[in-house]
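Working notes, beginning with the structure itself.
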Amino acid sequence: MLELRLPKKTPPGAEQADPPGTAAELDPSLAAPAEDAPPAREVVRAHGINFFYGQHQVLFNVEVTAYEREILALIGPSGCGKSTFLRTLNRMNDTIPGARLEGEVLITGQNIYAPGTDVIGLRRRVGMIFQRSNPFPFSIAENVAYGLKVNGLAKKKGEQADVVERCLRATGLWDEVKDRLNKPALALSGGQQQRLCIARALAIEPEILLMDEPASALDPIATGRIEELALELKEKYTIVIVTHNLQQAARISDRTSFFLMGRLVESGRTQAMFTNPQRKETEDYITGRFG
Amino acid sequence: MTGDLNRKIRKLRNNVMLSLTGVATLLVLLPLALILFYVVKEGVSAISPGFFVHLPEPPDVPGGGMANAIVGTLELLLVAVIVGVPLGIAAGIYVAEHGAEFLTKLVRFSADVLNGTPTIVTGLFIYGLVVLPMRKFSTLAGGLALAIILLPVVLRTTDEVLQTIPRSYREAALALGATRFRVLWDVVLRAARAGIMGGVLLAISRVAGETAPLLFTSFNNSYWSMWLDRPVASLTVQIFNYAIAPYDRWHAQAWAGALTLITMIIVINLGARAWLRWRTGRLA
Ligand SMILES: Nc1ncnc2c1ncn2[C@@H]1O[C@H](COP(=O)(O)OP(=O)(O)OP(=O)(O)O)[C@@H](O)[C@H]1O
Ligand SMILES: [Mg+2]
């Protein structure tokens, strides 16, 4: 089984009380937590995010919070900035020339945009699954072990094999591929490839998993597998998932944030938001009136 | 009615176009087939085991060979590869991966111009740059001339192959905490190396047949030459010299040399393609 490697201490800046004008205001369910639910720890807190591709602003003052061991779904019409936002959480947008961000993103309390941040270390803690599965053109085993290799973890061959098996088991792929670990990963089916990518991300034991429409290129059965997997993984990880599929968001997410044209419109418990949206735009979107 | 007619016209036009492309294909293949036929016909009767082990003989002595020229061609190719391939690959990586925009454009443009430069000009350039200062023809000079011809081909192939490596591989590696260097080294280059190797082999098979740039750089030699600073025989120059000489025996030797050369080139070429297909097939 995968070991849990969440940081033990609560870092500074992660106090539980919401500062006025942020998450609590946007998310009424947080201001009045259910009696039986202990206050959850904030793992991701994006605060006042403005994002620009060159001159073109695509995110406007976005506030999003994700709590420990939950699935947060990001929904909204195409082009509203969901992927862009997700990629600010592991600084993948750094690789895009001319991209610029204002605001701060706290991961377990530390601002990852503070000068001197170790971006490599950050990406190790915040894993990412892409919309199109993107295994390397290497063998199945090498794919899973790649993160260990570049991070200098598990130097010994035996250790590596253990991690590979553990991660493939965690994604339910082990029985399907255990006889061909040294065969090319690209020979797997689309759904298997996507689960391989999840296994690859798990190998370096991240704390947070970002998933950008991980099932959008898959058939319903493979999609179901990915959803089950996400539900299992949330026992240990905090998951932020972008999805176009509202049923999917309803099925798997604990909370949902709705984006519209670069702005966060509404955040809240998925159940509450889908049955009783606070904002007209949200209602229009989830009832399929546009988007 | 008109629909029927239309369909007939479309079908006719389709057939005519297909036939035309078929004819064009034949016209393209014809010269190649004729060349091969001719070289094989003339070459086979002139070739003998001795041709591959003996040194050239004067026109009135029977039984000479081109052993030194075969080895000389390989020596020249070796120098060209050692100099041209690493440089071409390195520059190709720079251009494709993270070159400053201005420099990238300049390098690509220069490579294309260099690629279109008549090879005799390249030979002349090396003559001025290497042969004159050293005051002698040499393997080095010939190899450098071939390297300059090889360089832009390798550079552009590397560049193009790297462009085809999906961005998603890079993103996947970055998201796992790889540095840019690691991404390039163990993902991009690894995915690209089969393509780059194939391109290199094709480039080698191209320069193997060059004559003009060798005429006044490596010159020629009737004996073995294992030194970088001595003139060296090559198949192409030897064929050229024999072909323009007025002796039937040398003409026959020139055909034998041509058959040897063309076989070498075809083998490298087919080898490159087979290897590429095998590598990419294995990975896909
Ligand atoms: N690399 C880029 N350079 C410039 N503009 C970009 C870039 N990537 C995205 N954009 C623009 O930013 C806006 C938000 O794009 P983004 O991909 O974040 O949307 P999205 O909500 O993920 O959409 P989808 O649901 O279609 O994936 C769009 O207008 C898009 O055109
Ligand atoms: Mg997107």
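No value in this document is a laboratory result; all are computed from the given coordinates. Nothing here was measured: the structure is a model prediction, and the numbers come from that model. Heads up, the Cβs are rebuilt from the backbone with ideal geometry, glycines too, and the neighbour counts pull from every protein chain shown.
Structure remark: mean-square fluctuation, Gaussian network model of chain A, C-alpha springs under 10 Å; the largest value among A:Tyr67, A:Tyr237, A:Tyr53 belongs to A:Tyr53. Its Cα centre serving as origin, the stretch B:86-168 has a Cβ charge dipole (Lys and Arg +1, Asp and Glu -1) of approximately 280 debye.
Given +1 at the Cβ of Lys and Arg, -1 at the Cβ of Asp and Glu and no other charges, the dipole of the protein assembly as shown around its Cα centre is 1200 debye to the nearest 20. This model, with +1 at the C-beta of Lys and Arg and -1 at the C-beta of Asp and Glu, gives chain A a dipole about its Cα centre of some 960 debye.
Rounded to the nearest 5, the antiparallel percentage of DSSP beta bridges internal to the protein assembly as shown is 60%.
When the GluC sites (Glu not before Pro) in the stretch A:228-287 are filtered for DSSP coil states and for at most 10 other beta-carbon atoms within 10 Å of their beta-carbon, the remaining sites are A:Glu235. Enter the Cα centre distance for the pair the stretch A:200-270 and the stretch B:141-200, rounded to the nearest angstrom. Cα centroid of the stretch A:200-270 versus Cα centroid of the stretch B:141-200: 35 Å apart. Springs between Cα atoms under 10 Å define the GNM used for chain A, and in it the highest mean-square fluctuation of A:Ile112, A:Ile239, A:Ile96 occurs at A:Ile96. For the residues of A:130-143, the average number of beta carbons from a partner chain within 10 Å of their own beta carbon is 4. In chain A, helices alone account for a calculated mean residue ellipticity at 222 nm of -9000 deg cm²/dmol, with every DSSP H run of four or more residues adding -39,500 (n - 2.57). Angle of helix A:190-202 to the longest C-alpha principal axis of chain A, folded into 0 to 90 degrees and rounded to 10: 80°. All other residues with a Cβ under 12 Å from the Cβ of A:Tyr113 taken together, and with Lys, Arg as +1 and Asp, Glu as -1, what is their net charge? Charge balance near A:Tyr113 sits at -1.
Look at the alpha carbon pairs under 8 Å that are at least 6 residues apart: their mean separation over the length of chain A gives a relative contact order of 26 percent.
Expressed to the nearest 5 percent, the antiparallel share of DSSP beta bridges inside chain A is 60 percent. Between A:Val126, B:Ala194, B:Val40, the Cα set farthest toward the positive side of the dipole of the protein assembly as shown (charges on each charged residue's Cβ, about the Cα centre) is that of B:Val40.
Packing order of peptides B:116-123, B:79-86, highest average first: B:79-86, B:116-123 (average count of other Cβ atoms within 10 Å over each peptide's residues).
Where does helix A:220-233 land angle-wise versus the long Cα axis of chain A, in degrees 0 to 90, nearest 10? The helix A:220-233 is inclined about 80 degrees to chain A. Each principal axis of the Cα atoms in chain B has its own extent, and those three values, largest first, are 74, 65, 35 angstrom. Considering only A:Gln110, A:Gln247, A:Gln278, the Gaussian network model of chain A with Cα springs below 10 Å gives its largest mean-square fluctuation to A:Gln247. Along the axis of the charge dipole computed for the stretch B:56-283 (Cβ charges of +1 for Lys and Arg, -1 for Asp and Glu, origin at the Cα centre), the listed residues B:Val83, B:Gly128, B:Pro166 are led at the positive end by B:Pro166.
When only C-alpha pairs under 8 Å and at least 6 residues apart count, what is the relative contact order of the stretch A:209-291, in percent? Relative contact order here is 22 percent. Remark: the protein assembly as shown is approximated by an ellipsoid whose semi-axes, taken from the C-alpha gyration tensor as √(5λ), come to 64, 28, 23 Å, largest first.
Over chain B, what relative contact order in percent results from Cα pairs under 8 Å that are six or more residues apart? Contact order relative to length: 25 percent. The residues neighbouring B:Ala46, those whose beta-carbon lies less than 12 Å from its own, together hold a net charge of 0 under the Lys/Arg +1, Asp/Glu -1 convention. For chain A, the direction-averaged projected area of the alpha-carbon convex hull comes to 15.7 nm². B:Gly99 sits among other residues whose Cβ lies under 14 Å from its own Cβ, and their net charge, with Lys and Arg +1 and Asp and Glu -1, is +1.
The distance separating the Cα centre of the stretch B:216-284 from that of the stretch B:33-103 comes to 4 Å. Using +1 at the Cβ of each Lys and Arg and -1 at the Cβ of each Asp and Glu in chain A, identify which of A:Tyr53, A:Thr282, A:Thr270 lies farthest towards the dipole's positive end. Highest projection toward the positive end goes to A:Tyr53. Membrane-span-like helices of chain B, defined as complete DSSP H segments with a Cα extent of 20 Å or more along the helix axis and a mean Kyte hydropathy of at least 0.5, are identified as B:2-46, B:67-97, B:139-164, B:189-207.
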